[in-house]
Amino acid sequence: ARGCSSCHSVDGKAGTGPTWQGAYGHHVEFTDGSSTTADMNYLRESILNPGAKVVKGFANQMPTFQGQLKDRELTSLIVYIMSLSDKGAEEIKSIIEADDAERTKRSAEKGEGSSASAGKEEGSLASR
């Protein structure tokens, strides 16, 4: 995506920028001495405003992608980075499972009228 792999690896190897492998959900130290846990907000900020928090051991060389990525592209990139760590993969799985459960619930609620009447008919047929 937009030349990311020229600086960032997905296999843990060092590059011009930090590897994405295992990055999500882990502790990150910055050149100014502060630190954080890499979450979705941190990844978003790092892509849109990379100079805001520079990872210790790396130079501030990444260009901004502010205005260059559509929201869907940015979200897809963040989810991809999440998928490269155990913590991120678990979180993605939980989000998908919750979404599936919500969809199933909505589908059942929409179909209650027709399934309820079908159930009554079945019940009345079975009792004959």
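Within the accessible surface of the chain, defined with a 1.4 Å probe on protein heavy atoms only, the carbon and sulfur portion equals 52 percent. Every Cα-Cα pair in the chain was counted, and those over 23 Å apart are 47% of them. For Gln21, the shell of other residues with beta-carbons less than 14 Å away shows a net charge of 0, using +1 for Lys and Arg and -1 for Asp and Glu. Work through the residues other than Lys56 whose Cβ is under 15 Å from its Cβ and net out their charges, Lys, Arg +1 and Asp, Glu -1. For residues surrounding Lys56, the net value is -1.
Each label was represented as a point 7 Å from its Cα along the Cα-to-Cβ direction; for Ser94 and Ala59 these points are 3.9 nm apart. In this structure region 49-107 gives 71 Å² per residue of accessible area when probed at 1.4 Å with all protein chains present.
Among Arg44, Arg103, Arg72, the order of accessible area from largest down is Arg72, Arg103, Arg44, computed with a 1.4 Å probe on protein heavy atoms. For the chain, the number of Lys pairs with C-alpha atoms closer than 22 Å, counting only pairs eight or more positions apart or on separate chains, is 8. Put Thr104, Thr36 in order of accessible area, highest first, and with a 1.4 Å probe you get Thr104, Thr36.
Estimated at 0.36 nm per residue, the fully extended path between Ser6 and Asp86 surpasses their Cα-Cα distance by 26.4 nm.
The values are calculated or read from the model by the stated rules, or taken from the named source; none is laboratory data. None of the values given here were measured: they were computed from a predicted structure. In this analysis, Cβ positions are derived from the backbone assuming ideal geometry, glycine residues included, and neighbour counts consider all displayed protein chains. Note: areas computed on protein heavy atoms with side chains; ligands, DNA, RNA excluded. Shrake-Rupley method; radii C 1.70, N 1.55, O 1.52, S 1.80 Å.
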